[in-house]
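Here the structure comes first, spelled out in C-alpha cells, and everything after it is commentary.
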Amino acid sequence: MKLQVLLVSLLCAGSVFAQDKPINVTIPVVPQGVNSAVFSAPRGEWFQRALSANARARAAAEPIRLIFDGDSITDGWQGNGKEVWAERYGKLNAFDFGIGGDRTQHVLWRLDQGQVDGLKPSLIALMIGTNNTGSNTPEEIAEGVKTIIAEYQKRCPEAVILLQAVFPRGEKADNPIRAKVKAINELISKFGDNKKVLYVDFGDKFLEADGSISPEIMKDFLHPTAKGYQIWADAIAPIVAKYVPAK
C-alpha cells in the first residue's frame, strides 16, 4: 500500500535547539486498519530536538550505561527531577531520551532514526503509553510497548530493559483513566521475563491511603514533583545498582 504523507513546514522555536529557518518534516498518515501505536512516526514540533539528542548521545556514546526513555514524565528528570537526577544518575553517565507528549509510535520513530546507534547501555529504563490513552485501546498500547522492547533488544542486545508500569494519574482513585492505566499495566506485565526484561510496578508508592494522589507528589496528578522523582529513584535504586554500579 502506498502511504499518503503530509508535508509540514515549521519553525523549531522556543528551545535550545531552535533554528532560524523552517524544517520540512514528512508526517506519514497511518494506513487504515493499522494500529497507530506501532506505526513509527515523528512529531513535527520536536523533530530537531530528537535529532539533536541523538547527536549528543553519539558524541558521548562510550560512557553511557544507563538510558531513560519515555514521555514528559521521563523528560521531567531534567525539570522537577533534575536535582535527584544529578545526585543519583549524574555519576553514572546516564542519558535521558524522554520527550514530553510522546506516544509509543514516536519512540519507535526515534529509534528508527538511530537514537541508540553506537550505544552499549547495560540498563534501559522505559516507561511509555500514558499519552496513548486518549487515542488507543489498552491492547493497542501494549502492542506499541512490546514493539519498542523488541526494537531496543535488536539495537542493544546486551542490555536489560527495566519496563516500568505506567504511573497512576488523576487525583481520585475512581478517575476513569485509572482503570485504563491498570488494564495497560496488566497487559505489559506479561512482557517481563525476569531476565532481559524486568517489569516493575511501584505506582502505589505515589498514592495516599485512600488511593488519591497528593499534589505534593504530582502537582497536576500526572507529572511528579521533586518529591515524586525522589520516590521514583528510590523505587528503582536496587535494580540500577545491580546493573549499573557506581564506579
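Just give me the residues in segment 33-91 being of a type in the set (Asp, Glu) and under 29 Å from residue 217 (Cβ atoms), in sequence order. Working first, answer last.
Filtering segment 33-91 for residues of a type in the set (Asp, Glu) gives 45, 62, 69, 71, 75, 83, 87.
Correct list: 45, 69, 71, 75, 83, 87.
Have a look at 196, 146 and point out the one that is among the charged types (D, E, K, R) and either farther than 28 Å from residue 112 by Cβ or over 17 Å from the mean Cα position of the chain (by Cα) (or both). Lay out the reasoning, then the answer.
On the way: 146 fails: either farther than 28 Å from residue 112 by Cβ or over 17 Å from the mean Cα position of the chain (by Cα) (or both).
Exactly one residue qualifies, and that residue is 196.
Anything in segment 187-219 that is among the charged types (D, E, K, R) and buried (at least 18 other Cβ atoms within 10 Å of the Cβ)? List them, or say none. Even if it seems obvious, please write down each step before you answer.
Here is the first cut: in segment 187-219, the residues among the charged types (D, E, K, R) are 190, 193, 195-196, 201, 204-205, 208, 210, 216, 219.
Scanning segment 187-219 gives a single hit, 201.
Return the only residue of 142, 150 being part of a helix (DSSP H, G or I) and without any contact (Cβ under 8 Å) to a residue 40 or more places away in the chain.
Matching residue, one of 142, 150: 150.
For segment 21-29, check the following and say yes or no: at least one residue is touching a Lys or Arg at 6+ places or on another chain (Cβ under 7 Å), at pLDDT below 85 and assigned to a loop (DSSP other than H, G, I, E, B).
Initial filter on segment 21-29 (touching a Lys or Arg at 6+ places or on another chain (Cβ under 7 Å)): none.
No.
Quick check on residue 229: is it aromatic (Phe, Trp, Tyr), without any contact (Cβ under 8 Å) to a residue 40 or more places away in the chain and not in a loop (DSSP other than H, G, I, E, B)?
Considered against the rule, which asks whether it is aromatic (Phe, Trp, Tyr), without any contact (Cβ under 8 Å) to a residue 40 or more places away in the chain and not in a loop (DSSP other than H, G, I, E, B), residue 229 comes out as no.
What do you reckon, is residue 171 acidic (Asp, Glu) and over 27 Å from residue 207 (Cα atoms)?
no
Looking only at segment 190-226, which residues are touching a strand residue (DSSP E or B) at 6+ places or on another chain (Cβ under 7 Å), of a type in the set (A, V, I, L, M) and not in a loop (DSSP other than H, G, I, E, B)?
197, 198, 200, 207, 213, 218
Could you go through segment 162-177 and let me know if any residue there is of a type in the set (Phe, Trp, Tyr), closer than 17 Å to residue 71 by Cβ, in contact (Cβ under 8 Å) with a residue 60 or more places away in the chain and not in a loop (DSSP other than H, G, I, E, B).
No, the conditions are met nowhere in segment 162-177.
Here is a yes/no grid of residues against (1) in contact (Cβ under 8 Å) with a residue 40 or more places away in the chain; (2) over 19 Å from residue 227 (Cα atoms):
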residue: 80; (1), (2): yes, no
residue: 86; (1), (2): no, no
residue: 92; (1), (2): yes, yes
residue: 115; (1), (2): yes, yes
residue: 122; (1), (2): yes, yes
residue: 126; (1), (2): yes, yes
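Quick one: residue 67 ticks every box in (1) surrounded by 19 or more Cβ atoms within 10 Å (Cβ to Cβ); (2) assigned to a loop (DSSP other than H, G, I, E, B); (3) at pLDDT 95 or above; (4) not hydroxyl-bearing (Ser, Thr, Tyr) except a single one, so which number is it?
(2)
In segment 232-247, what residues are outside any loop (DSSP other than H, G, I, E, B) and among the aliphatic types (A, V, I, L, M)?
233, 235, 236, 237, 239, 240, 241
Of the residues in segment 30-64, how many are of a type in the set (A, V, I, L, M), over 22 Å from residue 149 (Cβ atoms) and part of a loop (DSSP other than H, G, I, E, B)? So that I can check it myself, show each step before the final result.
Taking segment 30-64 and keeping what is of a type in the set (A, V, I, L, M), we get 30, 34, 37-38, 41, 50-51, 53, 55, 57, 59-61, 64.
Filter once more, keeping what is over 22 Å from residue 149 (Cβ atoms): 51, 55, 59-60.
The next check asks that each one be part of a loop (DSSP other than H, G, I, E, B); those that pass are 60.
Looking only at that region, the number is 1.
Is it true that some residue in segment 102-119 is within 22 Å of residue 178 (Cβ to Cβ) and assigned to a loop (DSSP other than H, G, I, E, B)?
yes
Count, please, the residues in segment 152-193 that happen to be within 16 Å of the chain's Cα centre (by Cα) and aliphatic (A, V, I, L, M).
Final tally of qualifying residues: 9.
The values are calculated or read from the model by the stated rules, or taken from the named source; none is laboratory data. Just so it is clear, the model here is predicted, and its values are computed rather than measured. Cβ coordinates were reconstructed from backbone atoms using ideal geometry, including for glycine residues, and neighbour counts include every protein chain displayed.
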